[in-house]
1. Take 340, 220 and order them by how many other Cβ atoms sit within 10 Å, fewest up front.
2. Given an 8 Å cut-off on Cα distances and at least 6 residues of separation, report the relative contact order of segment 3-145 as a percent.
3. If eta is 0.890 mPa s and T is 25 °C, what Stokes-Einstein diffusion coefficient results for segment 297-371, Kirkwood Rh from Cα pairs, in µm²/s?
4. What angle, in degrees between 0 and 90 and rounded to the nearest 10, separates the Cα long axis of helix 93-109 from the longest principal axis of the Cα atoms of the chain?
5. Over segment 236-333, what relative contact order in percent results from Cα pairs under 8 Å that are six or more residues apart?
6. Could you check the spin-label model distance between residue 18 and residue 96? Points 7 Å from the Cα along Cα→Cβ, value in nm.
7. Order these by the 10 Å Cβ neighbour count, fewest first: 19, 71, 191, 208.
8. Just to compare against my own numbers: the Cα pair-distance distribution for segment 274-399, 5 Å bins, whole % per bin, please.
């Protein structure tokens, strides 16, 4: 891409700032009309609630703003690449997406989309696609060559289902072929693929691995998302909650760039709701290996939806390295006095978490992450020691 083309890309930044979601909404509508087979690759729930168009608009804007030096986005691109590999995105898919994106720019912007502008965006997209294809090729190679690894979808059988709370079930997934499975790092996730009857489509979703690695199975723990005024019913989570022991699902190799650092530093784990799942994997892994000093902070609505409370309490009873703080929004008078009423408030456990060189891990919805990230920064925690994972399309960009 030459300097004139980069200037043209920069000139579209105000349009992307004001109308980026108009463009991305049109893009998805156009792509699914022309290539309906891609509906089985994309999360149609996030299409319906608008999260996907918002995330893509933010990504396109970030790329335009950093067109002179896109390498500053490398960590973000690696996160996207991890997700793409877990969904079995292929190099040739980029040509399809790129064609619809450039056509959408032309059709949405009209006369503003000059031939020179379209050529500039084509060059920009092709450069980005080349970066992504390279990142993903490396991830695919690693998945295929590691012990027990594989590429694409692999069939797994559900051999055990455990009710962890009123709304969360754990599924123990064993490889149907009986062969080895790949190791993962605590905090990573699996993509699973199930057939959703109401859509008539296969649908993928990502779920964090919720235990320390076991060589025979993977465990995911899934919250059944019920319909609320602000969100529709979770199609895949409800489908999974209707499955039985002996049923099978498709699974991709473990992925993700949110994971427990391999060092001797103290660990502070901060979760909200079902965000507990990757942090539980970290806690169990720390118990098996390093036993680093750990502070566990978790918030949920009430005791009935508090998953894994007994497992964490048992680890705390058996350990001298773990300290826990539990917050419940609704708390009955007869419930444990060790539970703090209200939402997670890091000021109430500030002294416990200000540990020298500690690593801080946040997981939950976007507002939860933003609030507690800002609290940690206010405590003078270095940004390089804060790691976070947002469920769904990434909308949080804090580091």
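Here, each number is a calculation from the coordinates, and none is a lab measurement. Computed from a prediction, not measured in an experiment: that's the story for all the values here. No Cβ is skipped: glycine too gets one built from the backbone with ideal geometry, and neighbour counts run over all protein chains shown.
1. On the way: 340 17, 220 23.
Neighbour counts put them in this order, fewest first: 340, 220.
2. Details: 84 pairs, mean separation 51.9, N = 143.
Answer for segment 3-145 is 36 percent.
3. Details: Rh = 13.7 Å.
For the chosen part, D equals 180 µm²/s.
4. The helix 93-109 is inclined about 60 degrees to the chain.
5. Numbers: 86 pairs, mean separation 25.4, N = 98.
The value is 26 percent.
6. 3.5 nm
7. Working: 19 14, 71 8, 191 22, 208 26.
Taking fewest neighbouring Cβ atoms as first place, the list is 71, 19, 191, 208.
8. Distribution as computed: 2, 10, 20, 23, 23, 15, 6, 1, 0 percent.
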